Amino acid sequence: AFVFKLNPARNELLYAVVMAGAGEDYGISVKPDASGNAYVLGRTQSSNFPVTRGSAQPAIGGGTDMFVAKIEDGAVLYATFLGGSGDDWAGAIAVDDVGTAYIAGWTNSQNFPTRNAAQTTYSGGAASSTTQRFDAVSARLSPSGDTFLYSTYFGGRGEDKAYGIAVDR
């Protein structure tokens, strides 16, 4: 995964950041805040993905996890994993006026890390040999990236995925 910032007035590259480990890493969604910092949501299969010290989830949960990062002028202020032992997929990210990141996605992890959850357990039902069932998930990450303020499942017995999220101002 990589993130870059351009200055369109001068047609120049301001910075480029590569965020990658040894596995497959994909950037999915980027949102700026009012100060021009970039909030990045992606997915990774890299156990050595470059998370920052003191991050909310410093180790990969297993399978495919989401990652969340904040970048300021080319410096990674924080990067963290988000996921359980199954497959966790990134849908979208939003950011509020104080730098709190809101994440949406989906999971088949029965141990997705919940906190202050509206729904604490996985409800996706049993997957067959040809299909996987997913629950939608949502999380709120502190402005410093060190704590998930909440993280919850949203789902029933069927397929549930979240592809978007917005912040009410």
- Quick one: P(r) of the chain from all Cα-Cα pairs, 10 Å bins, percents rounded to integers, in order of increasing distance. 11, 41, 33, 12, 3, 0
- A chain fully extended from Ser123 to Ala20 at 0.36 nm per residue, minus the present Cα-Cα distance, gains in nm 33.9 nm
- Query: So, in Å, what gap is there between the alpha-carbon centers of the range 133-169 and the range 5-22?
  - Reply: 28
- Over the range 16-92, with a single point scatterer placed on each C-alpha, what log10 of the ratio I(q)/I(0) does the Debye formula yield at q = 0.14, 0.18, 0.26 1/Å? -0.39, -0.64, -1.26
- Item | Cβ charges +1 (Lys, Arg) and -1 (Asp, Glu), total dipole of the chain, debye | 100
- Item | Whole-percent carbon and sulfur share, accessible surface of the chain, 1.4 Å | 49
- Note on the structure: Taking a probe of 1.4 Å and leaving out DNA, RNA and ligands, the chain shows per residue an accessible area in Å² of 49
- Note on the structure: Pseudo-spin-label distance Arg115 to Glu72, built 7 Å along Cα→Cβ, given in nm, is 2.0
- Mind putting a number on the dipole of the range 76-169 about its Cα centre? Charges go on the C-beta only, +1 for Lys and Arg and -1 for Asp and Glu, and I need it in Debye to the nearest 20. 160
- Message: With the crude spin-label approximation of a point 7 Å out along Cα→Cβ, what separation in nm comes out for Tyr150 versus Arg53?
- Response: 3.3
- One-quarter of the Cα convex hull surface for the range 83-169, in nm²? 5.6
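The values are calculated or read from the model by the stated rules, or taken from the named source; none is laboratory data. Computed from a predicted model, the values in this text were never measured in an experiment. Don't worry about glycine lacking a Cβ; one is built from the backbone with ideal geometry, like all the others, and counts go over all protein chains shown. Remember, those area values only see protein heavy atoms, side chains included, never the ligands or the DNA or RNA. Shrake-Rupley method; radii C 1.70, N 1.55, O 1.52, S 1.80 Å.
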